[in-house]
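These notes concern the structure reproduced below.
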Amino acid sequence: MEAKAIAKSLRVSPIKTRLTIDLIRGKQVSEAQAILANINKKSARLIKKVLDSAVANAVNNNGADETSLYVKEARVDAGPVMKRHMFDSRSHIGHKDRRTSHIIITVATK
């Protein structure tokens, strides 16, 4: 049995988020939650919310046992980019793009 949770357009860069999500891919859910609880990053807090939602979906919708779940798929896709401009030196326009992420986590039973 599989259950999935998706969070879209989160205000964190996908490159930074991938560094955190690589740590939990393929791990047991309890171990992944412990890893995310000890990482002091914004992306870790957002990933933990999505992981908890995927676990709740598996338990409530599919009747799965929470202790037997593991992270089957964990990926981060790039979301829409908010393009911002600012004045630069010598009358040029600089870019300061604000990137967003889509976090997709699938949990399954072994």
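The values are calculated or read from the model by the stated rules, or taken from the named source; none is laboratory data. On a predicted model such as this, the values are computed, not experimentally measured, just so you know. Every residue, glycine among them, receives a Cβ derived from its backbone with ideal geometry; neighbour counts consider all protein chains shown.
Do we have LEU23 as surrounded by 14 or more Cβ atoms within 10 Å (Cβ to Cβ), hydrophobic (A, V, I, L, M, F, W, C) and more than 17 Å from ILE103 (Cβ to Cβ) here? Spelling it out, it is not the case that LEU23 is surrounded by 14 or more Cβ atoms within 10 Å (Cβ to Cβ), hydrophobic (A, V, I, L, M, F, W, C) and more than 17 Å from ILE103 (Cβ to Cβ).
This table checks each residue for (1) β-branched (Val, Ile, Thr); (2) modelled with pLDDT of 95 or more; (3) in contact with a Gly (Cβ under 9 Å, 6 or more places away or on another chain).
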residue	(1), (2), (3)
LEU23	no, yes, no
ARG45	no, yes, no
SER53	no, yes, no
ALA74	no, yes, yes
PHE87	no, no, yes
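Scanning segment 1-18 for residues that are out of contact with any strand residue (DSSP E or B) (no Cβ under 8 Å at 6 or more places or on another chain) and surrounded by 13 or more Cβ atoms within 10 Å (Cβ to Cβ) turns up just one, LYS16.
Looking at the structure I just gave you, is SER89 loosely packed, with under 10 Cβ neighbours inside 10 Å and more than 24 Å from LEU46 (Cβ to Cβ)? Criteria met by SER89.
When segment 71-97 is filtered for residues that are assigned to a strand (DSSP E or B) and in contact with a Lys or Arg (Cβ under 6 Å, 6 or more places away or on another chain), the ones remaining, listed by number, are VAL71, ALA74, VAL76, MET82, ARG84, MET86, LYS96, ASP97. Checking segment 11-26 against the condition returns no match, with no residue being on the phi > 0 side of the Ramachandran plot and assigned to a helix (DSSP H, G or I).
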